[in-house]
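*Asks:* Next up is a structure, given as structure tokens.
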Amino acid sequence: MNIYFIILTIISIIYGVSSILAGALGTINHKKSRINIWSVVLMIIGGLIVITAPITKSIYLVLLGLAGIHVSAISNGKKMHGKLNIGHHLIRLIISIVIVTLCVLGF
């Protein structure tokens, strides 16, 4: 186990749990916020996949989970605010690039 794997584990747990919480809150408020249930489910599944990244050691699963989170976040942003928040999605993209890079270095 190297330092990249340890950092990957910490970041993937934090990002995955925050995505799951966002999805759970979306479940509670989906009618008020007008987001689709499929998007909520996709966010939760994506978060679960990202959390399991250190266990599965599969870059393909990590990419699938991150893509699901991004698609869900884009859909939710359009439904809730009528537009995309570019800064928000750039930050998500940077976090995803860090996670993928750590996967490559840590696996």
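The values are calculated or read from the model by the stated rules, or taken from the named source; none is laboratory data. Every value quoted in this text rests on a predicted model; they were computed, and no experiment measured them. Positions of Cβ are generated from backbone atoms using ideal geometry, with glycine treated the same way; all protein chains shown enter the neighbour counts. Surface areas here come from the heavy atoms of the whole protein model, side chains and all, with no ligands, DNA or RNA. Shrake-Rupley method; radii C 1.70, N 1.55, O 1.52, S 1.80 Å.
*Asks:* Among the complete DSSP H segments of the chain, which ones combine at least 30 Å of alpha-carbon extent along their axis with a mean Kyte-Doolittle hydropathy of 0.5 or more?
*Replies:* Long hydrophobic helices here: 3-33, 59-81.
*Asks:* Could you work out the pair-distance distribution P(r) of region 8-105 from its alpha-carbon pairs, with 10 angstrom bin width and percents rounded to whole numbers?
*Replies:* 18, 50, 26, 6, 0
*Asks:* Using a 1.4 angstrom probe on the protein heavy atoms only, could you order Phe5, Phe107 from most to least accessible area?
*Replies:* Ranking Phe5, Phe107 by accessible area, largest first, yields Phe107, Phe5.
*Asks:* Give a quick list of trypsin sites (Lys or Arg not before Pro) in region 1-101 that DSSP marks as loop, anything other than H, G, I, E or B, with at most 10 other Cβ atoms within 10 Å.
*Replies:* In loop regions of region 1-101 (DSSP not H, G, I, E or B), the sparsely surrounded trypsin sites (Lys or Arg not before Pro) are Lys83.
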